[in-house]
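S.K.: Submitted below is the structure of interest, expressed as structure tokens.
Derivation of every value follows stated rules applied to the coordinates shown; laboratory data play no part. No experiment lies behind these values; they were computed from the predicted model shown. Because the Cβ atoms are built from the backbone with ideal geometry, glycine has one as well, and the counts that use them run over all protein chains shown.
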Amino acid sequence: MQWKDEYSVGISEIDEQHKGIVELFTVIDAAIEARESWSEVFFKLEQLRDHARFHFAVEESLMRMHGYSKQVEHAGLHKHFLAKLDQLQMTTLSRQVTMNTINYLSKWYTEHMKTQDQDFIRDLIDKGKVNLTRLPAA
Ligand SMILES: [Fe+2]
Ligand SMILES: [Fe+2]
């Protein structure tokens, strides 16, 4: 999986977090392809989970702060991703994870950045809550 400019939401902090997650997907893809041991794959999925949880918390805080109308729906999608990731991690304990299962998550994530995340950040920008490159200083 590779970062593409079309994924950009227009706020550098969020883009950097998204890039970090895309990079982790790349590392996990390579681990699965190389048929690394279950513990290696499990560990890498755990790193993905840490990053995703942190990133989702940042997005959800921004939504709360700015009263984003689709906050509940968006947070529900984040939950779905984490639940699928949990399932995948459990799978590593009993059998080899296939590219198909990780592809589901990376495709989901790509679509999420290009649709719901862009929609949410555009809403923030439209309301004049943030400028295009940086969050306002506290
Ligand atoms: Fe999101
Ligand atoms: Fe996001």
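S.K.: If you take every residue apart from Asn100 with its C-beta less than 14 Å away from the C-beta of Asn100, what net charge results, scoring Lys and Arg +1 and Asp and Glu -1?
M.R.: Its environment carries a net charge of +1.
S.K.: Across the chain, how many lysine pairs, 8 or more positions apart or on different chains, have C-alpha atoms separated by under 22 Å? Please give the number.
M.R.: Number of lysine pairs found: 23.
S.K.: Using Cα pairs under 8 angstrom and six or more residues apart, how large is the relative contact order of the chain, in percent?
M.R.: 39 percent
S.K.: Taking the Cα centre of the chain as the origin and placing charges on Cβ (Lys, Arg +1; Asp, Glu -1), which of Thr115, Gln96, Ser61 is farthest toward the positive end of the dipole?
M.R.: Value computed over the given set: Ser61.
S.K.: Kindly list the residues of segment 26-62 that lie in the label zone of Ser94, defined by a backbone N under 17 Å from the point 7 Å along the Cα-to-C-beta vector.
M.R.: 38-39, 42
S.K.: Need the full-extension length gain, Lys19 to Phe54, defined as separation in residues times 0.36 nm minus the C-alpha distance. One decimal, nm.
M.R.: 11.2 nm
S.K.: For the chain, set up a GNM with springs between Cα atoms under 10 Å and report which of Arg122, Arg35, Arg95 has the largest fluctuation.
M.R.: Of Arg122, Arg35, Arg95, the Gaussian network model singles out Arg95 as fluctuating most.
S.K.: Give me the net charge for the shell around Leu85: Cβ to Cβ below 12 angstrom, other residues only, Lys and Arg +1, Asp and Glu -1.
M.R.: Net charge in that neighbourhood comes out at +2.
S.K.: Given 0.36 nm per residue, what is the gain on full extension from Met65 to Lys107 after removing their alpha carbon distance, in nm?
M.R.: Gain in length upon complete extension: 12.2 nm.
S.K.: Any chance you could run the full-extension gain for Gln118 through Ala30? It's 0.36 nm times the residue separation minus the Cα-Cα distance, nm to one decimal.
M.R.: Working it through step by step, the gained length comes to 28.9 nm.
S.K.: Beta carbons within 10 angstrom, averaged per residue: use that to sort the peptides 8-18, 66-76, highest first.
M.R.: Going by the mean number of other Cβ atoms within 10 Å, highest first, we get 8-18, 66-76.
S.K.: Something else about it: In which sequence would Ser106, Ser94 go, from the one with the fewest C-beta neighbours within 10 Å to the one with the most?
M.R.: Ser94, Ser106
S.K.: Across segment 86-103, in residue order, what do the Karplus-derived ³J(HN,Hα) couplings come to in whole Hz, using 6.51 cos²θ - 1.76 cosθ + 1.60 with θ = phi - 60° and x for Gly and Pro?
M.R.: Values per residue, Gly and Pro as x: 4, 4, 5, 5, 5, 4, 4, 6, 10, 7, 5, 6, 9, 4, 4, 5, 6, 4 Hz.
S.K.: Can you list the HN-Hα couplings for segment 64-77, worked out from phi with the Karplus curve (6.51, -1.76, 1.60; θ = phi - 60°), rounded to whole Hz and with x for Gly and Pro?
M.R.: 5, 4, 9, x, 5, 5, 9, 4, 5, 4, 5, 5, x, 5
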